[in-house]
Amino acid sequence: MPTPVVLFHHALGCTAGVNALADRIRSHGLEVIVPDLYEGATFSTLDDGVAHALSIGFGEVIACGASAVDPSVQPVVVGLSLGVLPAQFAAQTINGVRAAVLVGACVPLGEFGDRWPAGVTCEVHAGRNDPIFDDDGDAEAAAALAAISADATIVRHDGAGHLLCEMGHADFDQSACDAVIATVIKLAHSV
């Protein structure tokens, strides 16, 4: 039986694109939980969404996300950009998380612990045309994670930008999004 998926939205909030991604994953027979970290608020720009997250506090965003993770069902956690914060926190600190898919971001080791838990698979997906991933330290954090953990890999997608799974956004990339979905499906079905 496949494990549930917890999908954490990006800085724009729980948008139609995030819900469409969840529905695409559900269409493969998986249960998908999409916690709304912003309590219904959505934004049209990343700057506005990040400003909202800052007003809430990143700690509160992480705590809200972590409260949606039930370790008894060994979920796969998926974080989209800002959603990587609660996804990576859960993967590193909640015993029972099976795997993490981090899209467009990676938090440096040391923020949630100095090690990646053994046996917890991690795939970091990012577009090759993603200046946020490349310029904000995410690429270095992902490389450091992959260097110390055999369970972590990095996948860069040609032509894709930052919000590569946000349908309707200029950064949306069908091929990259399909690859992320395939990874989630594979991890949810792994024993």
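The values are calculated or read from the model by the stated rules, or taken from the named source; none is laboratory data. This one's a predicted model, so the numbers in the text were calculated from it and none came from an experiment. Cβ coordinates were reconstructed from backbone atoms using ideal geometry, including for glycine residues, and neighbour counts include every protein chain displayed.
What the table below lists for this structure:
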quantity	calculated
Residue satisfying all of: in the stretch 60-84; in contact with a Gly (Cβ under 6 Å, 6 or more places away or on another chain) and either outside any helix (DSSP H, G or I) or modelled with pLDDT under 95 (or both); farthest from residue 150 (Cα to Cα) among these	71
Conditions (1) buried (at least 20 other Cβ atoms within 10 Å of the Cβ); (2) closer than 22 Å to residue 182 by Cβ; (3) out of contact with any Cys (no Cβ under 9 Å at 6 or more places or on another chain); (4) of a type in the set (Gly, Ala, Ser); number of the one not met by residue 119	(1)
Filter result for the condition that a residue is under 15 Å from residue 8 (Cβ atoms), outside any helix (DSSP H, G or I) and either among the polar types (S, T, N, Q) or under 15 Å from the mean Cα position of the chain (by Cα) (or both), over 87, 100	100
Criterion violated by residue 132 - all others in (1) outside any loop (DSSP other than H, G, I, E, B); (2) under 22 Å from residue 32 (Cα atoms); (3) touching a helix residue (DSSP H, G or I) at 6+ places or on another chain (Cβ under 8 Å); (4) of a type in the set (A, V, I, L, M) satisfied	(2)
Restricting the stretch 135-172 to residues that are surrounded by fewer than 16 Cβ atoms within 10 Å (Cβ to Cβ) and not hydrophobic (A, V, I, L, M, F, W, C), the residue that is modelled with the lowest pLDDT	159
Single unsatisfied condition, residue 147 versus (1) in contact (Cβ under 8 Å) with a residue 24 or more places away in the chain; (2) outside any loop (DSSP other than H, G, I, E, B)	(1)
Test for residue 190: is it of a type in the set (S, T, N, Q), at pLDDT 95 or above and out of contact with any helix residue (DSSP H, G or I) (no Cβ under 8 Å at 6 or more places or on another chain)	no
Residue among 118, 105 that alone is of a type in the set (Gly, Ala, Ser), part of a loop (DSSP other than H, G, I, E, B) and under 15 Å from residue 83 (Cα atoms)	105
